[in-house]
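Note sheet for the following structure.
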Amino acid sequence: MPSLKALKIRIGSVKNTRKITKAMQMVAAAKLRRAQEAAEAARPYAERMTSVMAGLAASVGQSASAPRLLAGTGSDRVHLLVVMTSERGLCGGFNSSIVRLARATAQRLIAEGRTVKILTVGKKGREQLKRDLADHFVGHVDMSDVRKIGYEDARRIALDILARFEAGEFDIATLFYNRFQSVISQVPTARQIIPATFEAQATSPALYDYEPGEEAILADLLPRGVATQVFGALLENAASEQGARMSAMDNATRNAGDMINRLTIQYNRSRQAAITKELIEIISGAEAL
């Protein structure tokens, strides 16, 4: 059984840990509000832009003049997986859920005989994936110096992806990130960005006459669409990360409180047993006289 001094030291240590987790929870809560507002504000623009491109794509169809970002390379042999995670830990299963989805996708594609290339954004995903997929890494984007996600950060990532596509390094590119729903719910999402795909309900016959033609407009909009989707994924990830961290730190604070209660009971029982033992020794000595 631990000594009273050891128990007292451990109780103090757990109390200090609880202070830290409580402070991190409050910081995450403050950051979550801003990150959530940014993610929700970006959704209408991304949805409207997708709707416009879907209408243009429906008009262009499978014509020979369709942009490569829409028509693709005609092959699905090489896949680029863009895995977007955080730079920091202590956020529960936020990173693990994204990595789990990306790893399952990569293993399935490899089993089907496809070539898989992985571009990581954020070191936590890279650290987890390098255990069994390090040979498939082709690049990494360090976001450790970024304090507030901006469009330029997304544009830099998008330009890298587009340059790789133009160089013929892959046929299909897919983003992996967490879509924010609530503090306790973040949905791991895989979204194909190259070639561009649109949901069936989003496509509808064009109601406008475009100048210049649809192909020319799409050629300009599609690269912007890639950057917009990357930007949206970064914002969703930022909100999901803070939500997951807030939830994880809340659980850690509660667990620390429970541990303090258990240790305090154990300390009191040990102290009571020590006092009882001393009293018995005193009484026994007195009776012996």
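The values are calculated or read from the model by the stated rules, or taken from the named source; none is laboratory data. Computed from a prediction, not measured in an experiment: that's the story for all the values here. Ideal geometry is used to build each Cβ from the backbone, glycine not excepted, and the neighbour counts take in all protein chains shown. Accessible surface areas use protein heavy atoms only, side chains included; no ligands, DNA or RNA. Shrake-Rupley method; radii C 1.70, N 1.55, O 1.52, S 1.80 Å.
Each of Q181 and E278 was given a label point 7 Å from its Cα along the Cα-to-Cβ line. The distance between the two points is 5.8 nm. For region 67-204, the share of accessible area belonging to carbon and sulfur comes to 48 percent (1.4 Å probe, ligands and nucleic acids excluded).
Once the Cα atoms are used to define both axes, helix 151-166 deviates from the longest principal axis of the chain by about 60 degrees. Which Cα, out of L7, I194, S270, lies furthest along the positive dipole direction of the chain (beta carbon charges, K/R +1, D/E -1)? About the Cα centre, the residue reaching furthest to the positive side is S270. Of the residues R191, R254, R245, the one that moves most in a GNM of the chain with alpha-carbon contacts below 10 Å is R254.
Under a straight-distance cross-link criterion of Cα-Cα below 19 Å, which lysines are reachable from K124, leaving out those fewer than 8 residues away in the same chain? Leaving aside lysines fewer than 8 places away in the same chain, those within reach of K124 are K148. What the pair-distance distribution of region 87-139 shows, using all Cα-Cα distances binned every 10 Å from zero, is 24, 56, 18, 2 percent. Averaging the sequence gap over all C-alpha pairs within less than 8 Å and six or more residues apart, then dividing by the number of residues, gives the chain a relative contact order of 33 percent.
DSSP assigns beta bridges within the chain; of those with both partners inside it, close to 35 percent run antiparallel. FRET efficiency for the pair N251 and E40, taken as 1/(1 + (r/R0)^6) with r the Cβ-Cβ distance and R0 = 22 Å, rounds to 0.30. Oblate is the label for region 84-192, because the ratio a/c of its alpha-carbon gyration tensor axes (a ≥ b ≥ c) is 1.5 or higher and a/b is not greater than b/c. Pairwise Cα distances in the chain exceed 25 Å for 59 percent of all pairs. Only aspartates and glutamates eight or more places from K130 in sequence, or on another chain, were considered; those with a Cα closer than 20 Å are E87, D142. The lysines whose alpha-carbon is closer than 24 Å to the alpha-carbon of K5, local same-chain residues fewer than 8 away aside, are K15, K19, K277. Only helices enter this figure: runs of n ≥ 4 DSSP H residues, each worth -39500 (n - 2.57), summed and divided by the residues of the chain, yield -22500 deg cm²/dmol at 222 nm to the nearest 500. Residues in region 126-181 average 56 Å² of solvent-accessible surface per residue, probe 1.4 Å, ligands and nucleic acids excluded.
Exposed loop sites were defined as GluC sites (Glu not before Pro) in DSSP loop states (anything but H, G, I, E or B) carrying at most 11 other C-beta atoms within 10 Å; in the chain the longest segment without such a site runs 1-111.
Averaged over its residues, region 43-121 has an accessible area of 45 Å² per residue, based on protein heavy atoms and a 1.4 Å probe. Against the compact-protein benchmark of 2.2 N^0.38 Å, the Cα-based radius of gyration of region 1-115 scales to 1.84. About its Cα centre, the chain has a charge dipole of approximately 1820 debye under the convention of +1 per Lys or Arg Cβ and -1 per Asp or Glu Cβ, with nothing else charged.
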